[in-house]
Amino acid sequence: MNFRLSYLVTAFAVAALSVSAASAQKTGLKVFISVDMEGVAGVVNSDQVTMGGHDYNMARKWMTEEANAAILGALDAGATEIVVNDSHSTMRNLIAGDINPAARLITGSPKTLGMMQGIDETFDAVIFIGYHARAGSADGVLDHTYSGAAVHALKVNGRETGESELNALIAGHFNVPVVMIAGDATLCAQVKKSLGPDVVTTETKEAIGRYAAKTLVPSESQKLIRTNTAAALKKLSVFRPYKPSAPYVVEIDFLYSHQAENASLVPGVERVSARTVRYTQPDFINAFRMFRALVTLANA
Ligand SMILES: [Zn+2]
């Protein structure tokens, strides 16, 4: 290779390197916020979380304010991009006109990834607001797992799984860690155990039963959510994505035997007892889609 040619090759190589470095370089802090309703401060009854319920409009305002508190916390930590996903029931609860304009809002349903619609590998961190304890928890305000009408219990790889773990697994699929979770004290204790002690939690209330709680007033809860969100995002390096090893063995214990009967119509789904089915998937997104499909079938 003559000098001129080798110079040109080197120049091209340097240019190519700097282009790939520029495209690989992460710009800014990108935050995904999934907002449910049962864990919001002040919320204790189905009447507050059901569209058309007497106190629903008040509760959706508190839900919107808690989402805004998390957005402000993310902005305090330097977030440059924030996506908020409405994750409760119809997924049309957050009041779009009142959401902080620094964020983008995902609203409506159905959505393939449900409570995690919008997540991908470009995000740096996930925040859960308004989350609740898994189905079958003593002293968990409005405890359930995805469908109160169908799911009695859910296990992934033998471990008890609620919505927090399920959605953390989806984030984990994209290598994004869950860094802050807000909800009642029972939920906070559950996620410290399942996702690890590093996850920052915000206790919005302490359940007295399924329909009663000693709660922070909404303004106090919002202050804490803002502070804790910012604090978690400022120490991002301590968090790891929640990623148990594949394959994923999913076991759904339904409320009624006919629901397991319906679910076991799907090839690959094994009925292991009157109310329980089991299946295995190598990819967690497919495992999650299968879960949603089986619950829909069970409820049909
Ligand atoms: Zn909900």
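Observations, loosely collected:
- When we screen Asp253, Asp283 for residues that are open to solvent by less than 90 Å² (accessible area, probe 1.4 Å), in contact with a Ser or Thr (Cβ under 9 Å, 6 or more places away or on another chain), acidic (Asp, Glu) and touching a residue at least 24 places away in the same chain (Cβ under 8 Å), the only hit is Asp253.
- Within segment 106-158, considering residues that are of a type in the set (S, T, N, Q) and on the phi < 0 side of the Ramachandran plot, the one nearest to the chain's Cα centre (by Cα): Gln117
- Taking first residues from segment 83-111 that are open to solvent by less than 80 Å² (accessible area, probe 1.4 Å) and partners that are of a type in the set (Phe, Trp, Tyr) and more than 16 Å from the ligand (Cβ to nearest atom), the Cβ contacts under 6 Å between residues at least 6 apart in sequence or on separate chains come to Val83/Phe32.
- Pairs where the first residue, in segment 223-236, is open to solvent by 50 Å² or more (accessible area, probe 1.4 Å) and the second is of a type in the set (Asp, Glu), C-beta under 6 Å, 6+ apart: none
- None of Phe123, Phe128 is among the aromatic types (Phe, Trp, Tyr), surrounded by 18 or more Cβ atoms within 10 Å (Cβ to Cβ) and more than 15 Å from the ligand (Cβ to nearest atom) except Phe123.
- Scanning segment 54-82 for residues that are free of Cβ contacts under 8 Å to residues at least 40 places away in the same chain and open to solvent by less than 20 Å² (accessible area, probe 1.4 Å) gives Tyr56, Ala59, Thr64, Ile71.
- Within segment 100-111, one or more residues are under 18 Å from Met51 (Cα atoms), in the same structural domain as Gly172 (by TED's automatic domain parsing) and in contact with a helix residue (DSSP H, G or I) (Cβ under 9 Å, 6 or more places away or on another chain).
- Identity of the residue in segment 145-167, without any contact (Cβ under 8 Å) to a residue 40 or more places away in the chain and open to solvent by 20 Å² or more (accessible area, probe 1.4 Å), that ends up nearest to the ligand (Cβ to nearest atom): Gly148
- Only one of the numbered conditions (1) out of contact with any strand residue (DSSP E or B) (no Cβ under 6 Å at 6 or more places or on another chain); (2) at pLDDT below 95; (3) not polar (S, T, N, Q) is not met by Gly28, and that is (1).
The values are calculated or read from the model by the stated rules, or taken from the named source; none is laboratory data. All figures in this text were calculated on a predicted structure; none of them were measured in a lab. Because the Cβ atoms are built from the backbone with ideal geometry, glycine has one as well, and the counts that use them run over all protein chains shown. Ligands, DNA and RNA are stripped out before the accessible areas are found, and what is left, the full protein with its side chains, is counted by its heavy atoms. Shrake-Rupley method; radii C 1.70, N 1.55, O 1.52, S 1.80 Å.
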